[in-house]
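Asker: If you scroll down you'll find the structure; I have some questions about it.
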Amino acid sequence: MNTNKATKSSSSKVDRKTIEKNRRNNMKCLYNQLNSLVHHDSSSSREILALPDQLDEATEYIKKLEKNVADLKRKKDSLVNVDGNSNNSVSNKRFYTLNSPVQIEVHEKGNGVEVILVTGLECQFVFTEAIRIVHEENAEVVNASYSVVGSTVFHSIHAKIEEDGTSQGVTRIRERLQKFVL
């Protein structure tokens, strides 16, 4: 029986050592993966850093990224910030967003709708979102195009709406686009 206990004890020590070795190898892989994701300055990438220094560098890099994200969010908010006023002319069924990098016009055309978007090069996603909104309002996109002049992009979307709901469909599209841009 003593031999059995010694074998079990020896076996459990080997298991613990194997588990610990696997844990250390896993941690080493994770550190290497983290280190590969961190942008290194050309001067520091030549020298091999100790693990605590690598972790400090990763921490600083993450803090720098967080600051960049906050700065970009503030910039986006200032670009999108609209003082709540919009020039809404019901007679020709259009609206403009003031002080916004995106201008939108919505025109009712017979049993259809025409959406004109004027954006900067950095706002291409607005075109895709406008098409999605038009499609969700059960309007069939007949034609969609764009042209670029300098750093301004002019988008045009023509869609057909069911005859009995044209005015309501145009109104819903206009309201949803306005909410999206604001």
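The values are calculated or read from the model by the stated rules, or taken from the named source; none is laboratory data. Note that the structure is a prediction, hence the values are computed from the model and not measured. Cβ placement follows ideal geometry from the backbone for every residue including glycine, while neighbour counts extend to all protein chains displayed.
Asker: Any idea which of L117, L177 is part of a helix (DSSP H, G or I), in the same structural domain as P101 (by TED's automatic domain parsing) and in contact with a strand residue (DSSP E or B) (Cβ under 8 Å, 6 or more places away or on another chain)?
Answerer: The conditions single out L177.
Asker: For the range 135-159, name all the residues that are buried (at least 17 other Cβ atoms within 10 Å of the Cβ) and touching a Gly at 6+ places or on another chain (Cβ under 9 Å).
Answerer: Hits for the range 135-159 are E137, A139, V153, H158, A159.
Asker: A further question follows. Can you tell me which of E66, E105, E60 is surrounded by 11 or more Cβ atoms within 10 Å (Cβ to Cβ), within 24 Å of the chain's Cα centre (by Cα) and modelled with pLDDT of 85 or more?
Answerer: E60
Asker: For P52, indicate whether it is part of a loop (DSSP other than H, G, I, E, B) and either touching a Cys at 6+ places or on another chain (Cβ under 8 Å) or modelled with pLDDT of 85 or more (or both).
Answerer: Numbers: part of a loop (DSSP other than H, G, I, E, B): no; either touching a Cys at 6+ places or on another chain (Cβ under 8 Å) or modelled with pLDDT of 85 or more (or both): yes.
So P52 does not fit the description; no.
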